[in-house]
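> My questions will all concern the structure given below.
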Amino acid sequence: MSHEPLNLDDDGEWAGEWWLPDEPDHKVPGTLRYTSADGLALTLIGTFEDRISTTISPGVVAFHEGRRTWEVIHGAAEQREITLFGCVPNGGKRTYGARVQTPDKQTITSITGLIGAHVSGEDEVVFSVAEVSVDNLGVWGATSVFEGFWGAPRGRPDGSGTISVKPVEAQTVKADGAEFILAHRHTLPFFDQRQGGTTGRVRDTTFVRIVRETPFSWREAMRLARTVQDLIALATHRAAGVIWLRLRLAEGDVEPEPTRPQRESNVEVIYSPSKVGDHDAKVIEPHRVFFTCETLPFEEVIPRWCKVHEQLQSALNMILGLRYAPAEYIENNLLTAVGAAEVLHRGLDIDEPPMPREEFKPMREAMLTHVPEQHRERIKGSLRNDPTLRERLFALAARWCHSVEATLPAGGGLIGGVCGWRGWGCRSVTGRRSRRPRKRAGRCGGSPVTWGVARR
């Protein structure tokens with residue numbers, strides 16, 4: 001059995017026996033298969049009862065429409081315990097009155113698979129450590145176990161050189177009730193001898209290990225993995241796929257084997273993140289990364305990110321959605337970006353009312369006295385002492401630059417342009433207005449910011 005993590009872009013197959021947690025004696029043989037394109041599919045030689053039935057009287061059973069689903073299925077295959085979550089029957093074949101009796105078949109799809117443990121549910125608290133690797137994590141970490149030197153006496157390479165491997169000290173920081181560790185795992189040097197030549201290889205993998213102070217559930221493990229995934233996506237300004245996710249059972253949930261040495265109880269996870277990483281793809285060029293641990297140390301960025309990720313989850317989802325699932329039209333991307341900026345401003349809790357509250361309330365009451373009674377509640381709801389979209393965008397820009405004019409030329413023409421675009425988009429959907437706003441030449445047409453928003 002390999003001790004390497006299970007890559008989510010690799011195929012897998014596990015043949016064994018499967019059963020429902022409340023019927024452990026009814027074991028059905030079958031094979032679990034996984035591909036990154038189709039997910040998890042369990043093919044059984046036999047069936048779990050998926051028909052919905054009602055016993056009307058002794059010996060009389062009525063079958064209804066629909067099928068049963070199962071929250072959890074347990075199995076044992078390839079010398080590993082396996083747990084499947086979110087199981088749905090997806091076809092099968094039953095035999096009735098055939099001349100030759102053959103076993104029934106059933107196919108079940110699953111959302112999540114845990115290879116190495118039996119867990120009763122997604123909320124069961126049984127894990128103590130989570131390890132995750134995502135696309136471009138090594139570039140963002142800005143550390144490597146490799147060092148290389150070329151021999152160049154008198155300024156000319158002479159063909160000599162060395163490649164050395166030196167372990168890198170792990171970087172550790174505590175945040176969000178857990179210990180985050182940026183670590184490396186590398187193989188021993190080995191030589192791949194072929195007829196056409198020999199290649200020396202060492203493989204280095206960068207990953208983040210998260211150790212919680214108290215055990216956690218599978219749902220919490222997904223949240224922790226997404227926290228790391230979203231951070232790398234933001235730093236690289238592109239979708240970051242999860243390459244692999246590994247959990248470790250808490251010590252109290254591991255049964256010791258007296259005849260064998262104690263071994264770490266790793267649980268390989270198969271699930272469908274927002275994007276599956278490609279472990280064999282080329283990494284992004286370092287100069288295309290917004291920030292790395294070299295410019296913003298790991299000990300500083302993780303605590304800040306954990307706080308922001310929870311506080312501004314809605315805005316982050318909209319921003320990162322532009323990278324994970326960009327729309328086909330520029331207008332949709334622009335409207336999403338503006339909406340994300342508005343949600344971000346609200347989440348930062350930096351609103352400043354346009355007028356003092358002690359002045360606004362009497363003014364609103366005076367205005368409502370002239371409104372008919374049947375329309376008063378609706379008008380009252382529309383009279384708010386809140387900043388406009390334009391004011392929110394300017395306030396966000398002012399947080400990152402001392403001069404808004406330096407970033408948004410021509411008096412903030414870009415902000416005026418996007419405000420007009422959002423107003424046009426909303427009105428054209430509701431049918432209130434179908435004419436596109438006129439483009440202001442020299443204001444939002446040629447700025448670098450506009451080009452960055454417009455190009456896909």
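The values are calculated or read from the model by the stated rules, or taken from the named source; none is laboratory data. Here the structure is a predicted model, which means the values were calculated and not measured. In this analysis, Cβ positions are derived from the backbone assuming ideal geometry, glycine residues included, and neighbour counts consider all displayed protein chains.
> Testing residue 119 on (1) among the aliphatic types (A, V, I, L, M); (2) closer than 19 Å to residue 298 by Cβ; (3) crowded, with 16+ Cβ neighbours inside 10 Å, one condition comes back false. Which one is that?
Only one criterion is unmet by residue 119, namely (2).
> Would you mind listing the helices (runs of 4 or more DSSP H) fully within the stretch 366-432 where at least 3 residues are more than 23 Å from residue 348 (Cβ to Cβ) and modelled with pLDDT under 55?
Answer list for the stretch 366-432: 409-430.
> Would you check if there is a residue in the stretch 248-260 being surrounded by 15 or more Cβ atoms within 10 Å (Cβ to Cβ), at pLDDT 90 or above and closer than 18 Å to residue 4 by Cβ?
So far as the stretch 248-260 goes, yes, one or more of its residues are surrounded by 15 or more Cβ atoms within 10 Å (Cβ to Cβ), at pLDDT 90 or above and closer than 18 Å to residue 4 by Cβ.
> List pairs: first in the stretch 196-210 and free of Cβ contacts under 8 Å to residues at least 12 places away in the same chain, second outside any strand (DSSP E or B), Cβ under 9 Å, 6+ apart or cross-chain?
Close Cβ pairs (under 9 Å, with a partner that is outside any strand (DSSP E or B)) do not exist here.
> Conditions first: (1) modelled with pLDDT of 95 or more; (2) under 30 Å from residue 31 (Cβ atoms). Residue 103 passes all but one, so which condition is the exception?
(1)
> Would you mind stating whether residue 345 is surrounded by 17 or more Cβ atoms within 10 Å (Cβ to Cβ) and farther than 29 Å from residue 242 by Cβ?
Numbers: surrounded by 17 or more Cβ atoms within 10 Å (Cβ to Cβ): yes; farther than 29 Å from residue 242 by Cβ: yes.
Yes.
> Then there is this: Taking the stated definitions as given, is residue 143 hydroxyl-bearing (Ser, Thr, Tyr), in contact with a strand residue (DSSP E or B) (Cβ under 9 Å, 6 or more places away or on another chain) and surrounded by 14 or more Cβ atoms within 10 Å (Cβ to Cβ)?
Details: hydroxyl-bearing (Ser, Thr, Tyr): yes; in contact with a strand residue (DSSP E or B) (Cβ under 9 Å, 6 or more places away or on another chain): yes; surrounded by 14 or more Cβ atoms within 10 Å (Cβ to Cβ): yes.
Against the criterion (hydroxyl-bearing (Ser, Thr, Tyr), in contact with a strand residue (DSSP E or B) (Cβ under 9 Å, 6 or more places away or on another chain) and surrounded by 14 or more Cβ atoms within 10 Å (Cβ to Cβ)), residue 143 qualifies.
> Right, another one. Please find, among 133, 110, the residue that is part of a strand (DSSP E or B), in the same structural domain as residue 235 (by TED's automatic domain parsing) and under 22 Å from residue 248 (Cα atoms).
Working: 110 fails: in the same structural domain as residue 235 (by TED's automatic domain parsing).
Just a single option satisfies the conditions, and that option is 133.
> Quick check on the stretch 122-140: of everything there that is under 23 Å from residue 177 (Cα atoms) and out of contact with any Lys or Arg (no Cβ under 7 Å at 6 or more places or on another chain), which residue is surrounded by the fewest Cβ atoms within 10 Å (Cβ to Cβ)? So that I can check it myself, show each step before the final result.
Residues of the stretch 122-140 that are under 23 Å from residue 177 (Cα atoms), as a first pass: 122-134, 137.
Next cut, out of contact with any Lys or Arg (no Cβ under 7 Å at 6 or more places or on another chain) only: 124-126, 130, 132-134, 137.
Details: 124: 18, 125: 15, 126: 23, 130: 26, 132: 25, 133: 23, 134: 28, 137: 24.
This residue is 125.
> Residues of the stretch 153-173 being within 24 Å of residue 229 (Cα to Cα) and part of a strand (DSSP E or B), which ones?
Residues of the stretch 153-173 that are within 24 Å of residue 229 (Cα to Cα), as a first pass: 168-173.
Result: 171, 172, 173.
> Could you list all residues from the stretch 61-73 that are assigned to a strand (DSSP E or B) and modelled with pLDDT of 85 or more? Can you show your working first?
Step one: filter the stretch 61-73 for residues assigned to a strand (DSSP E or B), giving 61-67, 70-73.
70, 71, 72, 73, listed by residue number.
> Tell me, which strands (runs of 3 or more DSSP E) lie completely within the stretch 21-60 with 2 or more residues that are over 21 Å from residue 111 (Cα atoms)?
Working: elements: 23-35, 39-45, 51-57.
Where strands (runs of 3 or more DSSP E) fall fully within the stretch 21-60 and carry at least 2 residues being over 21 Å from residue 111 (Cα atoms), they are 23-35, 51-57.
> Okay, moving on. Within the stretch 327-340, identify whether any single residue is in contact with a Lys or Arg (Cβ under 7 Å, 6 or more places away or on another chain), surrounded by 13 or more Cβ atoms within 10 Å (Cβ to Cβ), among the charged types (D, E, K, R) and in a helix (DSSP H, G or I), and answer yes or no.
No, every residue in the stretch 327-340 fails to be in contact with a Lys or Arg (Cβ under 7 Å, 6 or more places away or on another chain), surrounded by 13 or more Cβ atoms within 10 Å (Cβ to Cβ), among the charged types (D, E, K, R) and in a helix (DSSP H, G or I).
> If we keep just the residues of the stretch 348-365 that are in a helix (DSSP H, G or I) and in contact (Cβ under 8 Å) with a residue 24 or more places away in the chain, which is surrounded by the most Cβ atoms within 10 Å (Cβ to Cβ)?
Kept after step one, since they are in a helix (DSSP H, G or I), are these residues of the stretch 348-365: 357-365.
Checking the rest, the ones that are also in contact (Cβ under 8 Å) with a residue 24 or more places away in the chain come to 357, 360.
Numbers: 357: 8, 360: 15.
Restricting to residues being in a helix (DSSP H, G or I) and in contact (Cβ under 8 Å) with a residue 24 or more places away in the chain, the top hit is 360.
> Residues in the stretch 280-330 that are aliphatic (A, V, I, L, M) and touching a helix residue (DSSP H, G or I) at 6+ places or on another chain (Cβ under 7 Å): how many?
Going through the stretch 280-330, the residues aliphatic (A, V, I, L, M) turn out to be 281, 283-284, 289, 296, 301-302, 308, 312, 315-316, 318-320, 322, 325, 327, 330.
Next, only the ones that are touching a helix residue (DSSP H, G or I) at 6+ places or on another chain (Cβ under 7 Å) stay: 283-284, 289, 312, 315-316, 318-320, 322, 327, 330.
Going through the stretch 280-330 one residue at a time, the tally reaches 12.
> Just to be sure I understand, how many residues within the stretch 31-58 are surrounded by 13 or more Cβ atoms within 10 Å (Cβ to Cβ) and either under 30 Å from residue 281 (Cβ atoms) or touching a residue at least 40 places away in the same chain (Cβ under 8 Å) (or both)?
Number satisfying all stated conditions: 17.
> Would you call residue 169 acidic (Asp, Glu) and surrounded by fewer than 17 Cβ atoms within 10 Å (Cβ to Cβ)?
Details: acidic (Asp, Glu): yes; surrounded by fewer than 17 Cβ atoms within 10 Å (Cβ to Cβ): yes.
Yes; evaluated as a whole, the condition is true for this residue.
> Looking at the stretch 325-370 only, could you name the residues that are closer than 25 Å to residue 395 by Cα and among the aliphatic types (A, V, I, L, M)?
The answer is 330, 334, 335, 337, 338, 340, 341, 343, 344, 348, 350, 355.
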